[in-house]
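Here is the structure we will look at, set down as structure tokens.
The values are calculated or read from the model by the stated rules, or taken from the named source; none is laboratory data. Predicted model only: the values in this text are computed from it and were never measured. Please note: Cβ atoms are built from the backbone with ideal geometry, for glycine as well, and neighbour counts cover all protein chains shown. Areas reflect the complete protein model, heavy atoms only, side chains present, ligands, DNA and RNA absent. Shrake-Rupley method; radii C 1.70, N 1.55, O 1.52, S 1.80 Å.
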Amino acid sequence: MQLSMDCPCDLADGLKVVLTPRSWARCLTDMRWLRNQVIAPLTEELVFRACMLPMLAPCTGLGPAVFTCPLFFGVAHFHHIIEQLRFRQSSVGSIFLSAAFQFSYTAVFGAYTAFLFIRTGHLIGPVLCHSFCNYMGFPAVCAALEHPQRRPLLAGYALGVGLFLLLLQPLTDPKLYGSLPLCVLLERAGASEALLCS
């Protein structure tokens, strides 16, 4: 919503740019775009959700696995500290503060995508969510507070959070997705994790 308010073009022009083959060809030849939108979401969700979560869940239970797995996911993003220190992009203190903040939100995001993976039994949801979040970045709430159209923007943020919370359970209802492999695995192991699996 904030991007559309700040964009000089209208919706039709924006869709034309997004849907042209030339624009997609440009993206597919940009290594940074491929890394952030395709390779990182696919490989990280494969490792941390599809591989690590099923290995942790029988040992710790589903609930603790949902919160343990994202800690590894957060730590996996510490390589950004090395990049920033190597290129002296900021002071050491602000780099570590930024890393602590990034660890926090990647751990929360990891718990969310673990929740999606368990509830749907599919990897496509977490991968698409990861790609979208990499594209959008962290919400610019501070910029929204200083935006000339701050009231509709903040109302949009509030509406988005409200709809997210309202629709999270019904749209991830396991009945919509059939057999859930992780829940079946846990049932065979004799664990009763009914809360997330039903």
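Could you say which residue among Gly121, Gly125 is modelled with pLDDT under 90, of a type outside the set (A, V, I, L, M, F, W, C), touching a Leu at 6+ places or on another chain (Cβ under 8 Å) and surrounded by 14 or more Cβ atoms within 10 Å (Cβ to Cβ)? Write out each step before concluding.
On the way: Gly125 fails: modelled with pLDDT under 90.
Residue meeting the stated conditions: Gly121.
Filter the stretch 143-179 down to residues that are more than 30 Å from Thr120 (Cβ to Cβ) and not small (Gly, Ala, Ser), then give me how many there are.
Within the stretch 143-179, residues that are more than 30 Å from Thr120 (Cβ to Cβ) and not small (Gly, Ala, Ser) number 10.
Please name all residue pairs, on different chains or six or more residues apart, with Cβ atoms under 7 Å, provided the first residue is in the stretch 167-178 and is on the phi < 0 side of the Ramachandran plot and the second residue is in a helix (DSSP H, G or I) and basic (Lys, Arg).
Thr172/Arg119; Pro174/Arg119
Out of (1) open to solvent by 50 Å² or more (accessible area, probe 1.4 Å); (2) within 26 Å of Leu3 (Cβ to Cβ), what's the single condition that is false for Ser131?
Among (1) open to solvent by 50 Å² or more (accessible area, probe 1.4 Å); (2) within 26 Å of Leu3 (Cβ to Cβ), the lone unmet condition for Ser131 is (1).
Quick check: anything in the stretch 23-33 acidic (Asp, Glu) and either buried (at least 16 other Cβ atoms within 10 Å of the Cβ) or touching a residue at least 12 places away in the same chain (Cβ under 8 Å) (or both)?
We begin by selecting, within the stretch 23-33, every residue acidic (Asp, Glu); these are 30.
This time we only want the ones that are either buried (at least 16 other Cβ atoms within 10 Å of the Cβ) or touching a residue at least 12 places away in the same chain (Cβ under 8 Å) (or both), so: none.
Scanning the stretch 23-33, I find no residue that is acidic (Asp, Glu) and either buried (at least 16 other Cβ atoms within 10 Å of the Cβ) or touching a residue at least 12 places away in the same chain (Cβ under 8 Å) (or both), so the answer is no.
So which of Tyr157, Tyr177 is surrounded by 12 or more Cβ atoms within 10 Å (Cβ to Cβ) and out of contact with any Ser or Thr (no Cβ under 9 Å at 6 or more places or on another chain)?
Details: Tyr177 fails: out of contact with any Ser or Thr (no Cβ under 9 Å at 6 or more places or on another chain).
Criteria check complete, one pass: Tyr157.
For the stretch 175-198, enumerate the residues that are part of a helix (DSSP H, G or I), within 22 Å of Cys59 (Cβ to Cβ) and either over 24 Å from the mean Cα position of the chain (by Cα) or at pLDDT 80 or above (or both). Before the answer, list the steps.
Applying the first criterion (part of a helix (DSSP H, G or I)) to the stretch 175-198 yields 175-176, 181-188, 194-197.
Those still in the list that are within 22 Å of Cys59 (Cβ to Cβ) too: 181-188, 194-197.
Across the stretch 175-198, the qualifying residues are Val184, Leu185, Leu186, Glu187, Arg188, Ala194.
Quick one: which helices (runs of 4 or more DSSP H) sit completely within the stretch 48-126 and have at least 1 residues that are in contact with a Gly (Cβ under 8 Å, 6 or more places away or on another chain) and in contact (Cβ under 8 Å) with a residue 24 or more places away in the chain? I'd like the intermediate steps shown before the answer.
Numbers: elements: 52-60, 62-75, 79-86, 92-120.
Filter on the stretch 48-126 gives 62-75, 92-120.
Give me the residue from the stretch 139-154 that is of a type in the set (A, V, I, L, M, F, W, C) and in contact (Cβ under 8 Å) with a residue 60 or more places away in the chain and, out of that set, surrounded by the most Cβ atoms within 10 Å (Cβ to Cβ).
Of the stretch 139-154, the ones of a type in the set (A, V, I, L, M, F, W, C) are 140-145, 153-154.
From the residues that got through so far, the ones that are in contact (Cβ under 8 Å) with a residue 60 or more places away in the chain too are 140, 143-144, 153.
Working: Ala140: 14, Ala143: 12, Ala144: 17, Leu153: 19.
Checked the stretch 139-154; the qualifying residue surrounded by the most Cβ atoms within 10 Å (Cβ to Cβ) is Leu153.
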